[in-house]
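Have a look at the structure below before the remarks.
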Amino acid sequence: MSDLSNVDMRDYFFDVVYDLAAANPDVYFLSADHGAFSLERFQKDFPERYINIGIAEQNMIGVSTGLSLSGKIVFSYGITPFVSLRVLEQISLDLASMGANVNIVSVGAGFTYSTDGPSHQGLQDLSAVLTTPNITVLNSSDPASTQAFAQMGVDKKGPKYIRIEKGTLPLLERKEGDDFSSGVSSIKEGTDLTIIASGAIIHEAIKASQFLRDEYSLEVGVVDLYRVKPLPEHELLKLVKNTKKIVTLEEGFLDGGMGSMVAALLAEQSICKPFKRLGINNHFCFDYGTRDYLLDLYCLNGRKVADTLAVWGRGNV
């Protein structure tokens with residue numbers, strides 16, 4: 001893969017979708033009046049397949065479902081809370097219940113829109129969408145996963161909720177041949193503790209693992225859970241089999257989130273290991289600043305995560 005260190009994740013996703021549309025005339029793109037530099041080429045070259053619905057996300061899901069049922073492959077794009085919470089009924093009844101081949105492209109996970117407050121923060125979308133039957137939920141963490149999810153939008157049938165990032169992210173070191181079909185990847189192996197993370201915050205998990213290694217001589221594993229639904233149960237259990245303790249890390253509300261799903265899986269499988277969830281406790285965030293500032297404030301950056309885990313268990317992880 002070419003150097004993608006300076007490529008905006010959102011633009012990269014749309015560039016891949018453009019290539020897919022160039023090869024397949026059934027690919028359509030719908031926007032709820034949200035633009036992006038890389039979308040200008042799609043709009044120019046395929047104007048009949050680019051539809052700006054306007055600020056009407058509920059209608060966008062309905063139109064997307066109709067296009068899908070007529071044989072089209074649809075990407076529907078908007079800011080995270082507006083294509084999840086605002087349209088949850090339409091996702092459930094129009095899209096998921098019909099098994100429509102629609103890819104909801106959700107931009108703005110976690111504190112991406114950090115200065116816009118609770119109306120734009122993507123902290124609750126996973127908790128909401130994960131309760132919806134018959135939908136695949138994907139959460140990108142680097143350029144490779146971003147590319148793979150765009151391709152899955154065409155190759156894999158059925159409704160999908162795809163979270164993609166703004167800005168740049170480094171490539172994660174994955175095992176050779178990882179084709180993103182399993183739903184989960186081991187980024188680092190560790191026997192003392194394993195951090196299961198989903199989305200861009202996995203890069204903070206990696207930093208935390210390095211702090212814990214350097215300062216406490218702990219072997220900390222990091223797992224990228226990029227398919228949150230359906231949960232890759234068998235593969236995930238294999239990756240935590242040989243670790244002493246398990247932590248989940250997410251940039252979102254804890255109630256009903258990724259960590260809750262992992263906790264339920266471990267309980268149902270009678271896996272009795274010390275377990276901890278890290279994320280946002282169930283309250284609105286009215287603090288403002290950069291994404292890095294808010295991650296620090298809510299103890300979700302690498303430094304604060306390492307400090308929390310070092311204290312957990314009376315200082316002996």
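Within segment 230-256, being within 16 Å of Ser141 (Cβ to Cβ) and either at pLDDT below 95 or assigned to a strand (DSSP E or B) (or both) holds for Thr248, Leu249, Glu250, Glu251, Gly252.
Look at segment 32-47: where a residue is at negative phi and a partner is modelled with pLDDT under 80, sitting 6+ places away or on another chain with Cβ atoms under 9 Å, you get Gln43/Gly35. Among the conditions (1) open to solvent by 50 Å² or more (accessible area, probe 1.4 Å); (2) closer than 28 Å to Ala200 by Cα; (3) not in a helix (DSSP H, G or I), Tyr28 misses just one, which is (1). When Ala56, Ala96, Ala23 are screened for being out of contact with any Ser or Thr (no Cβ under 7 Å at 6 or more places or on another chain) and touching a residue at least 24 places away in the same chain (Cβ under 8 Å), only Ala56 passes. Checked across segment 274-289, the condition of being open to solvent by 80 Å² or more (accessible area, probe 1.4 Å), in contact with a helix residue (DSSP H, G or I) (Cβ under 8 Å, 6 or more places away or on another chain), free of Cβ contacts under 8 Å to residues at least 60 places away in the same chain and not hydroxyl-bearing (Ser, Thr, Tyr) holds for at least one residue. Within segment 1-25, the set of residues being at pLDDT 95 or above, part of a loop (DSSP other than H, G, I, E, B) and of a type in the set (Asp, Glu) is empty.
Scan the strands (runs of 3 or more DSSP E) fully inside segment 56-150 and keep the ones with 2 or more residues being at pLDDT 95 or above, within 23 Å of His203 (Cβ to Cβ) and open to solvent by less than 10 Å² (accessible area, probe 1.4 Å).
On the way: elements: 73-79, 102-107, 136-139.
In segment 56-150, the matching strands (runs of 3 or more DSSP E) lie at 102-107, 136-139.
The values are calculated or read from the model by the stated rules, or taken from the named source; none is laboratory data. Not measured: the values here are computed from a predicted model. Neighbour counts are summed over all protein chains in view; Cβ atoms, including those assigned to glycine, are modelled from backbone coordinates with ideal geometry. Just the protein is used for accessible areas: all its heavy atoms, side chains included, with ligands, DNA and RNA removed. Shrake-Rupley method; radii C 1.70, N 1.55, O 1.52, S 1.80 Å.
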